[in-house]
Amino acid sequence: MVSRISKGYWIWGQFDIQSTQLLTSLYQKINNKLNGPKFDVHLTISGPFPYEEEMHTQIFESLSERFEQFNIQLNGMGRKNEFFQSLFINVAENETLKSLKNNIDQRFNLDKAEYFPHISLFYGIKDTTLKTDIISELKVPKHIVLDKLSIVRVDEEVKSWKVLKFHSLL
């Protein structure tokens with residue numbers, strides 16, 4: 001198992017208003033039962049990388065011009081016995097998402113690591129049966145729209161995560 005780097009700057013995909021509302025509603029239902037840490041729903045695309053505002057602003061403007069918002073197919077809920085992948089929505093890796101990730105990795109000089117696209121809805125360690133019961137109560141949408149890229153400062157404490165900038169995909 002690869003160790004997780006928990007501190008640094010990461011690139012998230014975030015969603016249009018309707019998709020964000022749907023995902024946030026699922027997140028809230030789960031966290032009302034499991035009492036996990038608070039965070040914005042997102043799709044981690046890449047990272048970590050050292051942050052240089054001027055250079056990265058240019059990179060993100062270029063990416064924003066190259067990529068338009070796009071649909072993401074969701075493939076139901078998943079769970080693992082890992083803090084940061086405890087309860088999540090499986091994301092189908094389509095050509096647009098692959099191309100976006102590859103472009104980001106290349107422009108930020110990041111190693112191409114194995115990618116597990118998912119949208120976390122709960123962070124923490126809880127009983128598998130409890131998580132299975134919760135999954136059975138939820139209805140996950142089939143598609144959502146990714147319409148922005150965000151640069152996020154991530155620290156060991158989830159409560160200290162902060163979106164520094166975002167760029168809309170038109």
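What follows draws every value from the coordinates through simple rules; no lab data is involved. Keep in mind that what you see is a predicted model, and the values were worked out from it rather than measured. With ideal geometry, Cβ positions are generated from the backbone for all residues, glycine too; neighbour counts draw on all protein chains shown.
In this calculation the C-beta distance from residue 83 to residue 57 is compared with R0 = 22 Å, giving a FRET efficiency of 0.10. Against the chain, whose longest principal axis comes from its Cα atoms, helix 128-137 is set at around 80 degrees. Spacing of the modelled spin labels on residue 109 and residue 90, each 7 Å from Cα toward Cβ, amounts to 3.7 nm. In plain terms, the residue of 93, 52 with the fewest other Cβ atoms within 10 Å comes first and the most crowded comes last, giving 52, 93.
The reciprocal of the average 1/r between distinct C-alpha atoms defines the Kirkwood hydrodynamic radius, which for the stretch 8-168 equals 16.3 Å.
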